[in-house]
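The values are calculated or read from the model by the stated rules, or taken from the named source; none is laboratory data. From a predicted model like this one, the values you see are computed outputs, not experimental measurements. Here the Cβ positions follow ideal geometry from the backbone for every residue, glycine too, while neighbour counts run over all protein chains shown. Accessible surface areas use protein heavy atoms only, side chains included; no ligands, DNA or RNA. Shrake-Rupley method; radii C 1.70, N 1.55, O 1.52, S 1.80 Å.
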Amino acid sequence: MHGSLPAWIIAISSLAICVPVAAQQPSSPSPNFAAEANLTGEMEGELEEPEEEEDEIETDRDSFTPATTVVGWQRLVVESAYSFIDNRRVPETHSLPELVVRYGVSDWIEFRFGTNYEVGGAGNPVSGNIPDDLEPGKGLEEEANVSYGIKFALTEQIDWQPRTALLLQGFTPTAGEANDTHFVATYVSGWVLSNGWAWDSAIRYSSGSFEEDHFNVWAPSTVLKVPLGDRWKAHLEYFGVFSEGRATESTQHFISPGIHYLITQDWEIGIRVGWGLNDQAPNFFANVGGGYRF
């Protein structure tokens, strides 16, 4: 790819992240509805209350695609993980602790702060902090950063209207050769289906730089999450990382399955692995970690 995304990536992302017009909701029954129905003989049973969604932790580190939810008012979530990336032509990369602390200041807004350290032959493209060194053969020895940001819950799922969220973050280097702060914006949307499966998709934008070269980076993703009983959940995900406006463009495609386990409603652990689908992407990666909600 040279400067533009493949048409099939654009099609998938556009389908998944668009926000359909919400269907008109039925009007609420009048106070005398039950009595009127009994008199006319048109109601034979009681009205069923909609099922409430279970209150359980949902971390952003579960997959490359972040969650469509926020942590909730006065709730605190701490997430951490380790990533191993098997690069094709340079030494492997190790990334830890991938720490993110998320605190809900309202039911629809959370503040977040994090830190991470990477060492190896290239940056880590699999954990949401899009690296600067996307060019094959260009590597880093070590790099550390702090992250800070805010996440907004935008809409709830109503019929075909998806649940959506917007995540705005900054990444400032604290060690290594990089010295530019980068801005990352992520829009995510998704639906929970009637069988409990969840389909979420996101589009992530990041400013990027390498030496004197400044450019844009786009990262579309889509993930299908399938519950396996009450505590297990498996997923299958595609994501890509594409540079735009760079002297030497880069394109990376990944396929990634994963599995997660709820130890309690507030404590989750999980592992995901993945394979690069083209020559510019790393050969293989593995990510293991968890999150706890207070």
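Brief remarks on what is shown
- Probe 1.4 Å - accessible area at SER127, Å² to nearest ten: 50 Å²
- For TRP73, distant residues with modelled amide H under 5 Å away: ASP107
- Using a probe of 1.4 Å on the protein chains alone, the accessible area found for VAL105 is around 60 Å².
- ALA185-ILE269 pseudo-label distance in nm [points 7 Å out on the Cα-to-Cβ vector]: 3.9 nm
- Computed FRET value (nearest 0.05) for LEU76 with SER194, which takes r as the C-beta separation and R₀ as 30 Å: 0.40
- Distance (nanometres) between label positions extended 7 Å along Cα→Cβ at ALA234 and VAL105: 4.1 nm
- For THR222, THR68, the ranking by accessible surface with the largest value first comes to THR222, THR68, using a 1.4 Å probe.
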